[in-house]
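Peer 1: Please read through the structure below; I'll follow up with questions.
What follows draws every value from the coordinates through simple rules; no lab data is involved. Given the structure is predicted, the values throughout are model-derived calculations rather than measurements. Heads up, the Cβs are rebuilt from the backbone with ideal geometry, glycines too, and the neighbour counts pull from every protein chain shown.
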Amino acid sequence: MVASQIGIDLEGPLNPVAFGCLVLQDYTWSIVRADVNFAVQTLQNAQTGGLSTDIYMVLCRGIDPIAQV
């Protein structure tokens, strides 16, 4: 039997207290959109709040992908 997990996909910032509330609601993971304005802080907030984290990136067509990363 495989236990299910609940997670959240974020495109914007969220603070550690909000992540702590998600943990209380049985959330176990978060995935954050790579954005220079908020991604690093949001990932740190998720970890501080108790969630495992991952990150994703949406590349823009016509722009050098290496430069975007």
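Peer 1: Please compute the net charge surrounding Met57, taking Lys and Arg as +1 and Asp and Glu as -1 over other residues with Cβ under 14 Å from its Cβ.
Peer 2: Combined, the nearby Lys, Arg, Asp and Glu give -3.
Peer 1: Using amide H atoms built 1.01 Å from N in the peptide plane, name the residues 5+ places from Leu14, or on other chains, whose amide H lies under 5 Å from its own.
Peer 2: Amide H to amide H, under 5 Å and 5 or more residues apart or across chains, Leu14 pairs with nothing.
Peer 1: For Val69, project a label point 7 Å along Cα to C-beta. Then give me every residue of the stretch 20-53 with its amide nitrogen under 15 Å of that point.
Peer 2: So the set is 34.
Peer 1: What is the distance in Å between the Cα centroid of the stretch 51-69 and that of the stretch 7-22?
Peer 2: Each part's Cα centre sits 20 Å from the other's.
Peer 1: Using each residue's phi in the stretch 49-54, evaluate 6.51 cos²θ - 1.76 cosθ + 1.60 at θ = phi - 60° and report the 3J(HN,Hα) Karplus result to the nearest Hz, with x for Gly and Pro.
Peer 2: Working through the residues one at a time gives x, x, 9, 6, 10, 8 Hz.
Peer 1: Hey, what number do you get for the chain at 222 nm if only DSSP H runs of n ≥ 4 count, each worth -39500 (n - 2.57), divided across all residues, to the nearest 500?
Peer 2: -9500 deg cm²/dmol
Peer 1: How long is the chain along each principal axis, judged by its Cα atoms, biggest number first, in Å?
Peer 2: Over the chain, Cα extents along the principal axes are 42, 31, 13 Å.
Peer 1: Summing +1 for each Lys or Arg and -1 for each Asp or Glu, what net charge is found among the other residues whose Cβ lies under 11 Å from the Cβ of Glu11?
Peer 2: -1
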